[in-house]
Amino acid sequence: MVIDLDMPFWQQIQSIIEKKIGIDLSARVNREHFESICKRSNLIQKLKKEEYIALLETANPSHHPEWVFLLDALNVSESFFFRDKKQLELIENLVLPDLVRQKNNLEIIKVWSAGCSTGQEPYTLAIIIEKIKRVFPDSKFIIYASDINFHSIKIAAEAVYHPWSVRISDPVLLDDFFEKKGEKLRFKSEKTTSVHFELTNLISDPFPKNFDLILCRNVFIYMKQEYIQRVIEKFSESINPNGYLLIGHAEYTGKMPKVLETMLFANSVIYKKVIYKSTPSNLASENSTTIPKAINPTSIKAVGKNESIFELETRLEKSCKAGNQNDILEIYSKIPSIEKLSSKSLLCFIKSFMTNQKQKAIPLCEYWIEREPLNTQPYFLLAQIFESIGKFDSATESYKKVIYLNPTHKESIVSLYQLYKRNNDLESAMKVKKMGSQFF
Ligand SMILES: C[S@@+](CC[C@H](N)C(=O)[O-])C[C@H]1O[C@@H](n2cnc3c(N)ncnc32)[C@H](O)[C@@H]1O
């Protein structure tokens with residue numbers, strides 16, 4: 001049967017698809033192409049034009065077979081493991097460690113892969129989270145993943161993929177997280193934090209709340225700006241304060257909600273939800289999107305007798321160079337709060353306390369780690385302190401964190417090897433030696 005896809009009918013279909021699921025059909029298929037899609041639909045051939053339009057208007061796109069057919073036919077489900085590695089590196093090295101630090105093992109970190117297609121993206125996140133949990137074993141995660149396409153969610157739940165889907169994955173990870181299933185590969189979801197799949201239409205469904213990280217990548221490429229803006233507004237309400245939103249590269253150029261602060265990186269943009277306190281001064285700039293500047297140490301008012309933080313830090317630098325312990329202690333007693341100290345001053349205090357005031361150095365290291373979770377130096381110093389006071393388990397954990405952040409950190413690799421050997425854990429010692437073979 002020949003389908004009469006006249007102009008008004010075609011325009012009505014385009015407009016319903018855009019309104020119901022946000023997809024801009026004009027950018028995907030032309031009328032001739034859509035005609036060929038229609039030939040494969042049973043319903044469009046059986047129903048009158050107005051009946052077909054009414055059906056699309058009233059049926060749920062996530063459940064009705066005609067919508068499922070259209071979503072499949074529009075071919076918008078392309079996905080693969082470790083897609084956009086640079087962005088994933090930022091998630092692994094910056095976003096997740098920051099969330100782990102924020103939650104301090106007390107709360108679950110909630111992650112949502114929105115528009116997850118056949119599951120490669122949330123499973124990639126699950127692998128990254130396993131890597132994070134090796135360093136922060138007490139951190140807790142939950143992963144939600146959603147898509148509008150019923151077929152995609154079904155495939156995602158089965159987790160069986162063509163090898164092409166894992167083409168850019170690290171071979172070690174392939175061994176750890178996949179097993180052969182005939183010609184295909186099964187993702188071993190039982191080895192990771194479980195992924196909860198849901199059917200969700202980003203355009204019309206209400207969003208769940210309290211997420212710490214939302215990923216919505218390669219979904220907006222099919223949508224017009226006004227729909228993207230609406231979805232981003234909804235995301236911004238679903239993200240916890242200090243939580244993150246990541247979208248695909250250059251997928252949206254419009255206005256961002258003011259609570260989402262832009263963090264620019266060489267290969268990616270991250271949005272972080274900030275909460276502006278309603279003080280009279282920032283109420284005045286309610287609509288501004290500028291981000292509060294960091295405090296300049298020279299601008300902090302005088303503290304203690306007559307010395308400002310800036311003056312104390314300058315004096316500290318000199319005392320550290322001269323190794324004058326009494327001066328350093330005297331300056332320490334005048335510091336109103338360690339939060340005001342620069343990293344250089346923290347290092348100076350920690351080093352001078354490491355010889356005979358180790359209990360003072362520990363909270364300084366811990367605070368520094370909290371402030372700069374990706375800096376190896378405070379982890380390494382902490383490991384050395386723990387080792388010197390016989391807290392070997394804590395020292396081991398801290399050395400492991402340094403090596404996680406910098407796999408070629410020679411001093412940590414050698415120290416960890418010696419620690420394992422001293423504790424007769426020869427198997428672990430050999431593993432460390434193998435990993436850092438160039439240093440032995
Ligand atoms: C290209 S895939 C992206 C998959 C994955 N995020 C990635 O980057 O590899 C786009 C997905 O967005 C989904 N999608 C499109 N419109 C949607 C909507 N209104 N609600 C939910 N999902 C939608 C499609 O079904 C498709 O699975």
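Would a scan of segment 400-416 turn up a residue that is modelled with pLDDT of 90 or more, among the polar types (S, T, N, Q) and touching a helix residue (DSSP H, G or I) at 6+ places or on another chain (Cβ under 8 Å)? The answer is yes, given that some residue of segment 400-416 is modelled with pLDDT of 90 or more, among the polar types (S, T, N, Q) and touching a helix residue (DSSP H, G or I) at 6+ places or on another chain (Cβ under 8 Å).
Looking at segment 253-260, is at least one residue within 16 Å of the ligand (Cβ to nearest atom), crowded, with 17+ Cβ neighbours inside 10 Å, of a type outside the set (V, I, T) and outside any strand (DSSP E or B)?
no
Residue count for segment 227-251, restricted to those that are at pLDDT 90 or above and in a loop (DSSP other than H, G, I, E, B): 2. With a requirement of 3 or more residues that are buried (at least 22 other Cβ atoms within 10 Å of the Cβ) and within 16 Å of the ligand (Cβ to nearest atom), the strands (runs of 3 or more DSSP E) lying completely within segment 115-226 that satisfy it span 140-147, 211-216.
The values are calculated or read from the model by the stated rules, or taken from the named source; none is laboratory data. All of these numbers come straight from a predicted model, not from anything done at the bench. Counting neighbours? That spans all protein chains shown, and the Cβs are built from the backbone with ideal geometry, glycine included.
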